[in-house]
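Asker: Could you have a look at this structure, given as C-alpha cells, before my questions?
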Amino acid sequence: MIGPHSSPNMRVIGILVVPFVLMFGVYVIAHGHYGPGGGFAGGVIVAVAVIIVRMIAPRNLSERFFPPGLPLWLMVGGMGLFVGIGVLAVAWGGDVLDYASLPLPGDDSRRRYLSILLVEFGVGAAVSGSMVFIFDLLASLERDS
Amino acid sequence: MIVDIIAGVLIVAGVGFLGIGVLGVLRFPDYYSRTHAVAKAETLGMLLVFGGLLIHLRLQAGTAQLVLIAVFAFLVNPTATHALARVALRRGLAPWKRGDPT
C-alpha cells in the first residue's frame, strides 16, 4: 500500500514550500559558476520539489504537475544538450567542449559563460529526471506488490 | 561588545541543544523517541544558532538569506519528523514500552 500522505500538516507545509524549493533549485543551477552548487546539486533540489508533490498530492494531480513519462525525456534531453554543445564546438573549429569557439555574442569569456550556463541546465535536467525516475520506479514497485 | 556576548551566548546555547539532540538519537530506545529528540532539540538549537549569527553579523547582504533559512528550517524540520513518525505508526511499528528490550 502506498499513497499520498493524508496528514494536513504535511499538505499545508508542502504546498507552502514547493515553489521556494523549485526556485532555489534553479538558483543553484544558474549560480553554479560563482558559488557551491551547479547542475548536479540544483537538479537534485528540483527533483526534491517534484517528490514532495508526489508525496502529498493525489495521483492524478501529481501526474499532471509532472507527467511520469517526462523524466526519461529530461534525462535524454539534458544529456543531449550537454554532449550536443560540446560536440557543436568542433563544428566551428574548436576542440570538444571548447565553448569559446561557439558563435555566440560577446568576447571569449562571455561566450564561455553563456554556454556553461546552457550545459549546467542540461546537467540539471538530466539529474532531476533521473532522481524522479528512481522515485517513481520505487513507488510503483511498492504499489504493485 | 554586549551584543557580541549575547550572540555568543545564543550560539553556545544552540550548539548545546544540538548536542542534546545527538545524545537523544544515540541513547533513546526506539524510533519514535529518537525522531522526537531530533525534531525538538534540533529545531530549537538551529533557531538559536541562527539568531546568534544574525545578531553577530548585524545587517549585511547575507542576513536575509539567514532569516529565510531559519524560517524554512523552522517550518520543514517538524513537518518532516511528523511525516516520518506518522508513516511508521500507520505501517504498524509498535512504540517502545518500559521493560521491552531496546
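Any read-out appearing in this document is the output of simple, stated calculations on the displayed coordinates, not a laboratory observation. It should be emphasised that the depicted structure is a prediction, and the values quoted were computed from it without experimental measurement. Cβ placement follows ideal geometry from the backbone for every residue including glycine, while neighbour counts extend to all protein chains displayed.
Asker: Does B:ALA39 meet the test of being surrounded by 13 or more Cβ atoms within 10 Å (Cβ to Cβ), under 29 Å from A:PRO19 (Cβ atoms) and touching a Ser or Thr at 6+ places or on another chain (Cβ under 9 Å)?
Answerer: Details: surrounded by 13 or more Cβ atoms within 10 Å (Cβ to Cβ): yes; under 29 Å from A:PRO19 (Cβ atoms): yes; touching a Ser or Thr at 6+ places or on another chain (Cβ under 9 Å): yes.
So B:ALA39 passes the test.
Asker: Also: If the Cβ limit is 6 Å and pairs must be 6+ apart or interchain, which residue in region B:78-101 that is free of Cβ contacts under 8 Å to residues at least 24 places away in the same chain and farther than 18 Å from B:LYS40 by Cβ pairs with which residue that is assigned to a helix (DSSP H, G or I) and among the charged types (D, E, K, R)?
Answerer: Sorted first by the residue in region B:78-101, then by its partner, the list stays empty.
Condition check ((1) hydrophobic (A, V, I, L, M, F, W, C); (2) surrounded by 13 or more Cβ atoms within 10 Å (Cβ to Cβ); (3) within 14 Å of another protein chain (Cβ to nearest Cβ); (4) more than 18 Å from the chain's Cα centre (by Cα)) across all residues:
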position: A:VAL17; (1), (2), (3), (4): yes, yes, yes, no
position: A:VAL26; (1), (2), (3), (4): yes, yes, no, no
position: A:ILE45; (1), (2), (3), (4): yes, yes, yes, no
position: A:MET75; (1), (2), (3), (4): yes, yes, no, no
position: A:GLY78; (1), (2), (3), (4): no, yes, no, no
position: A:VAL96; (1), (2), (3), (4): yes, no, no, yes
position: A:LEU102; (1), (2), (3), (4): yes, yes, no, yes
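Asker: Return the residue satisfying two criteria in turn: it lies in region B:41-78 and is away from chain A (no Cβ under 11 Å) and among the polar types (S, T, N, Q), and of such residues it is nearest to A:MET10 (Cα to Cα).
Answerer: The qualifying residue nearest to A:MET10 (Cα to Cα) is B:THR43.
Asker: Among residues belonging to region A:28-43 that are in a helix (DSSP H, G or I) and surrounded by fewer than 21 Cβ atoms within 10 Å (Cβ to Cβ), point out the one that is farthest from the other protein chains (Cβ to nearest Cβ).
Answerer: Here is the first cut: in region A:28-43, the ones in a helix (DSSP H, G or I) are A:28-30, A:39-43.
Filter once more, keeping what is surrounded by fewer than 21 Cβ atoms within 10 Å (Cβ to Cβ): A:30, A:40-41.
Values: A:ALA30: 16, A:PHE40: 21, A:ALA41: 16 Å.
Of everything passing the filter in region A:28-43, A:PHE40 is farthest from the other protein chains (Cβ to nearest Cβ).
Asker: Scan region B:69-92 for residues that are more than 20 Å from the chain's Cα centre (by Cα) and surrounded by 13 or more Cβ atoms within 10 Å (Cβ to Cβ) and jot them down. Steps first, please.
Answerer: The initial filter retains those residues of region B:69-92 that are more than 20 Å from the chain's Cα centre (by Cα), namely B:87-92.
Matches in region B:69-92: B:VAL87, B:ALA88, B:LEU89.
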